[in-house]
Amino acid sequence: MAVTPPPGDTLDHMASDLTVIVLAAGGGTRMKSKTAKVLHEIGGRSMVGHVLAAVGALDPARVVAVVGHQRDQVGPHIQALLPDVVLAVQADQQGTGHAVRIAIEAAGTTSGTVLVAAGDTPLLRGESLRDFAQEHQAAECAVSVLSGVVDDPFGYGRIVRNDEGDVEAIIEEKDATADQRGIHEISSGILAFDAEFLHEALPKIGNDNAKGEYYLTDTVALARDAGLTVGAFPIDDWKQTEGANDRVQLSELGRELNRRIVEQWMREGVTVMDPETTWVEADVKLAPDVILLPNTQLLGATVVGEDAVIGPDTSLKDCEIGAGARVVRAHGELAVVGEGANVGPFAYLRPGTELGSGAKIGTFVETKNARIGAGAKVPHLSYVGDADIGEGANIGAGTIFANYDGTHKHRTTVGKGAKTGANNTFVAPVTIGDGAMTGGGAVVRRDVPPGNLAVSGGPQRNLDRRVPRETDAASMGDSTDDEGES
């Protein structure tokens, strides 16, 4: 089973059979949103999408996702990201123990190790999960918890150890005594189990607690009572396990994720002039020696080739930018910019734009579904929609490709080396041949053969509108005299 891992996560295959359960059934009422909590996005992915990417880096034998609240949204989204996933429905949210019991039933036969993760921890990395699972297996634990030591443990379950340092229990905040609330080692909610023990322990979990829920963490006490080994393995980078319960926390995690992504690319040879104003999403790919100028956003699956310069004030989504290209103060989506090409400032590249190597889309130019050949130029103040422009052609300022007849879209073709005048309108479908030219202000409704010059409109006439001063004064005097005689 494979999903795309986070950038930089290339992991060894886990040695034993591994089942991963992703808990994604919660309501997330504090989000105050019609969108399910785990579907809120940061870094170009949903929160659960980030978790699934981390899980996929382990190449588990099976993944079970527990859905419940708004499962009509969450289930299809998870299946789209991971088609082989097993969905388990928790119709009533009765706690994590209840959720895992439903997941095990849905998975059928499980063996080896069972890893349980939350669906709202978008900073989680596959390497951290891998290390945790390997530590659990090496220690031959029945139960292991990924823990962390934090300054403010409020709201988290506390790891309770005995005098020898062995884990005795995980106590939730509402059930903790005053002394237990002072413990700074906390549970991340990410646990690993020996599958055989988990099958035996789940039916024994009760709900005699402040919330009346079935806590998965109660398996720790069950393992201790059975004389089995329980482990707690602190993670140095605790933020990886933090979840988002409201939009404030979501924004904080988004900033932190972006900081990590930008820092990663800088360490891999990308120059980022102002990391504070540069946003790069998780699926973006950057080559060494790319330069990102301030207020740049690279979104979706954007790919940027080496030595390209992007920005300032540029937003690109799902774009491909060739080596050595320059894109400045522009917005692009689903567009391709060739090697050494130039875009902007103030250009708008809509889906389907393909700009050839060394070509130019200039100031206040909008393109859509347009193929612009190598070395061709659309320098300024133009709309190019549904068009093919040949190599080396030059489009005059203020040109409109009139592609819509009110019912259908039509294409315009401009041949290689053609030169078109300023303020032209090409009424599609129309073809301008190789090496052809058009006059300034032309409205081109018919094909222009190669090498021809197309003009439209009547000949220029100059009308003399000047009035001699003597005639003007005499006329005024006559009028005054007439008025005096009346």
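Just so it is clear, none of the values below were taken in a lab; they were calculated from the coordinates. Quick caveat: nothing in here was measured; it's all calculated off a predicted structure. A quick note on method: Cβ atoms are made from the backbone with ideal geometry, for glycine too, and the neighbour counts reach across all protein chains shown.
As a test, work out the antiparallel percent of DSSP beta bridges whose residues both lie in the chain, rounded to the nearest 5.
15 percent
Tell me the mean residue ellipticity at 222 nm calculated for the chain from its helices only (DSSP H runs of n ≥ 4, each -39500 (n - 2.57), averaged over every residue, nearest 500). Working shown, then result.
Details: 9 runs with 102 residues, N = 486.
Helix-only estimate at 222 nm: -6500 deg cm²/dmol.
If amide H atoms are built 1.01 Å from N in the plane of the peptide, which residues on other chains or at least 5 residues away come under 5 Å of the amide H of Ile42?
Correct list: Met47.
Taking amide H atoms as placed 1.01 Å from N in the peptide plane, list the residues 5 or more away in sequence, or in a different chain, whose amide H sits under 5 Å from that of Ile389.
Result for Ile389 returns Arg371, Ile372, Gly373, Val414.
For each of Met266, Met47, Met437, count neighbouring Cβ atoms within 10 Å of the residue's Cβ, then give the residues from fewest to most.
Working: Met266 15, Met47 28, Met437 20.
Lowest count first: Met266, Met437, Met47.
In straight Cα distance, which lysines are under 30 Å from Lys34, not counting same-chain residues fewer than 8 positions off?
Excluding near neighbours in sequence, the set is Lys174, Lys211, Lys239, Lys317.
Using unit Cβ charges (K, R positive; D, E negative) and no other charged atoms, how large, in debye to the nearest 20, is the dipole of region 18-241 about its Cα centre?
Once rounded to the nearest 20, the dipole reads 1040 debye.
How far, in degrees from 0 to 90, does helix 47-56 lean away from the longest principal axis of the Cα atoms of the chain, to the nearest 10?
With rounding to tens, the tilt is 60 degrees.
Here are several values of Kirkwood radius over Cα pairs in Å: (1) 24.7; (2) 26.8; (3) 22.5. Which one was derived from the coordinates shown?
Here the calculated entry is (2).
Rounding to the nearest 10 and keeping the result within 0 to 90°, find how far the Cα-based axis of helix 469-485 lies from the longest principal axis of the chain.
80 degrees
Less than 19 Å apart at the alpha-carbon level, and either on another chain or at least 8 residues along: which lysines does that give for Lys360?
Counting by Cα, and skipping residues close in sequence, Lys360 has these lysines nearby: Lys368, Lys377, Lys416, Lys419.
Round to the nearest 0.05 the FRET efficiency obtained for Ser456 and Thr363 when R0 = 45 Å and r is the Cβ-Cβ distance.
Once rounded, the FRET efficiency stands at 0.95.
Want the number for Ala323 to Glu200: 0.36 nm per residue separation, take away the alpha-carbon distance, what's left?
Once the chain is fully extended between Ala323 and Glu200, it gains 38.5 nm.
For region 366-446, give the share of DSSP beta bridges that are antiparallel, in percent and rounded to the nearest 5; count only bridges with both residues there.
Antiparallel: roughly 5 percent of the beta bridges in region 366-446.
Largest first and to the nearest Å, give the Cα extent of region 18-241 along each principal axis.
Principal-axis extents of the Cα atoms in region 18-241, largest first: 48, 37, 33 Å.
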